[in-house]
């Protein structure tokens, strides 16, 4: 009897972990650690193991033993990157909502990554292809792809949240970014504002495209040109919202003709921007109105309390879980749908009519 087969418990149809270990010249336990938790194995050894696995066509199957007792009840969530989101409460709120809904459905949530480097991407794919998880929710980011493997080809049910990927065949739960920003811009125009300052996320990012599109639609409807809005930012990810706001304050100070209203595409941007311009004597909202996006609870405690567009992250989390569990229960693939849950403005004290 082959003891390795008994210990590892893998299907005989593919290359076994023991074969990978022999080819790489390492112990089976080292292969297991490298594939399940890459950070615990040094880079040189990990490279040998990955090369051997590719040569043998080996995909880790962590569920082979578990098939005797049932399928995995673990759902992984894939974050856009570091959990550092400044003062924003969006990520914790999303995780709380999804976790609560999954527990009610008999599933457990696993955070699959705390970064989006190659090691993390490989780990996510190993979990997906190895059968360790039952489904995935990907938050506001692209699908992991490493060495020709893509999460899209793992066979897992996947739901995209906060990023519309329905055209790529993924169930997507999003909010009405464009419409929400268009409406708040229209309200600023109604109050008399004609010169705007827009604090941008990374250029080409889905959220930034949609939100800036909303600004332009409101300007066009009011007979104003795109020249009515000045942009700051466009280079840093949303995780660096505080830095974007600080730079925007410097950019604002350089403008000869000052805008009277600021539209920030995250609360973090607005918070740091307001803090910096107030130090320079700018009064909010006396000299400058400010509105932001996200709806973080901290906005209520800013000075003055910020007007912010609240993303319905709790409702979106529940909707994402419902779609995922439905997909898990389906015997056939259903057409991808886009579920839109509306955001709404939380009025603060940072908006007023411009000075005459």
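Computed from Cα positions, the angle between helix 206-221 and the longest principal axis of the chain comes to roughly 30 degrees. Here r is the Cβ-Cβ distance between residue 29 and residue 150 and R0 is 41 Å; the resulting FRET efficiency, rounded to 0.05, is 0.90.
When the Cα gyration tensor is reduced to axis lengths a ≥ b ≥ c, the ratio a/c stays below 1.5 for the stretch 177-311, which is therefore classed as rounded. Looking at the chain, the DSSP beta bridges with both ends there are about 10 percent antiparallel. Of all DSSP beta bridges located in the stretch 132-197, what percent are antiparallel, nearest 5? Among the beta bridges of the stretch 132-197, antiparallel pairing accounts for roughly 20 percent. Per the helix-only calculation at 222 nm, which mean residue ellipticity applies to the chain, given -39500 (n - 2.57) for every DSSP H run of n ≥ 4 and division by its residues, nearest 500 deg cm²/dmol? After summing the helix terms and dividing by the residues of the chain, the value is -12500 deg cm²/dmol.
Using a simple spin-label model with pseudo-atoms 7 Å out from Cα toward Cβ, residue 74 and residue 103 lie 1.9 nm apart.
With respect to the chain, whose longest principal axis is taken over its alpha-carbon atoms, helix 90-104 is tilted by about 50°. Here each label is just a point 7 Å from Cα along the line to Cβ, and for residue 287 and residue 142 those points are 4.2 nm apart. Annotation: for a label point projected 7 angstrom from Cα along Cα→Cβ of residue 330, residues of the stretch 159-196 with backbone N closer than 15 Å are 159-160, 165-173. Short to long, the 5 Å bins of the Cα pair-distance histogram for the stretch 185-261 hold 3, 16, 25, 22, 21, 11, 2 percent of all pairs. Rg and Dmax over the alpha-carbon atoms of the stretch 251-293 stand at 9.7, 27 Å. Axis angle, to the nearest 10 degrees, between helix 177-191 and the longest C-alpha principal axis of the chain: 10 degrees.
A simple spin-label model places the labels of residue 338 and residue 47 4.4 nm from each other, with each point 7 Å out along Cα-to-Cβ.
In the P(r) worked out for the chain, what percent of Cα pairs fall beyond 39 Å? Summing the P(r) of the chain above 39 Å gives 28 percent of all pairs.
Every number here is computed from the coordinates shown, using simple stated rules; none is lab data. A quick note: this is a predicted structure, and the numbers were derived from the prediction, not measured. Please note: Cβ atoms are built from the backbone with ideal geometry, for glycine as well, and neighbour counts cover all protein chains shown.
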